[in-house]
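The values are calculated or read from the model by the stated rules, or taken from the named source; none is laboratory data. All of these numbers come straight from a predicted model, not from anything done at the bench. Cβ placement follows ideal geometry from the backbone for every residue including glycine, while neighbour counts extend to all protein chains displayed.
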Amino acid sequence: MVAVLYSWSLYNGLVKGNESINGQWAQVQTQYQRRFDLIPNLVNSVKGIMAQEQKVFGDLADARTRYSGAANVDDKVKAANDIENSLGRLLVVMENYPQLRSSETVLTLMAQLEGTENRISVERSRFNDTVRTFNTKIKRFPANVFARLYGFNEKSYFESQAGAEKVPGVNF
């Protein structure tokens, strides 16, 4: 009887952990959606002032489209990292054009985007914490036996792409 109750409790705990990961990923996606909603406004504001940087705008739009069409978390992470790289290049471009920095619309949108980037960072960190807790639980004995039996597998962490720590360069 004790074994049945333990098994039942463990299964419910694994379901709860799995759902926590799904819920936290939804929070990450909510912040990505906020970012994606801001990007077209920012791009259009900057485009009006700087038509010659079409490649940066095209890269942003392409990455945003890839994210929308991504079928799984890994594809979404790759597209999100591409967006971050493109945004980094856009920020470098903006630093080189004082008239962009003085535009009130661009300043407002950049402040909103900066706040969104901070929120994304927090939510990704929470996602990874939730994944770590779940992965630890399913790897410990005796839960690891039941996790395999019930079909619960290790979850992937949100990881940045290699080279994401480098500042993007813009050549004119």
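Is there a residue being aromatic (Phe, Trp, Tyr), modelled with pLDDT under 80 and out of contact with any His (no Cβ under 6 Å at 6 or more places or on another chain) anywhere in segment 15-32? Scanning segment 15-32, I find no residue that is aromatic (Phe, Trp, Tyr), modelled with pLDDT under 80 and out of contact with any His (no Cβ under 6 Å at 6 or more places or on another chain), so the answer is no.
All of (1) surrounded by 18 or more Cβ atoms within 10 Å (Cβ to Cβ); (2) modelled with pLDDT of 80 or more hold for Val56 with one exception: (2). Residue count for segment 102-159, restricted to those that are among the basic types (Lys, Arg) and more than 30 Å from Leu90 (Cβ to Cβ): 6.
To keep it simple, each residue is scored yes or no on (1) within 20 Å of Asn44 (Cβ to Cβ); (2) over 19 Å from the mean Cα position of the chain (by Cα); (3) modelled with pLDDT of 75 or more.
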position: Lys78; (1), (2), (3): no, no, yes
position: Leu90; (1), (2), (3): yes, no, no
position: Leu113; (1), (2), (3): yes, no, yes
position: Thr116; (1), (2), (3): yes, no, yes
position: Arg124; (1), (2), (3): no, no, yes
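Of the residues making up segment 14-36, just one is surrounded by 17 or more Cβ atoms within 10 Å (Cβ to Cβ), β-branched (Val, Ile, Thr) and under 23 Å from Asn144 (Cα atoms), namely Ile21.
The set of residues from segment 126-139 being over 19 Å from the mean Cα position of the chain (by Cα) and over 15 Å from Lys16 (Cβ atoms) comprises just one member, Lys139.
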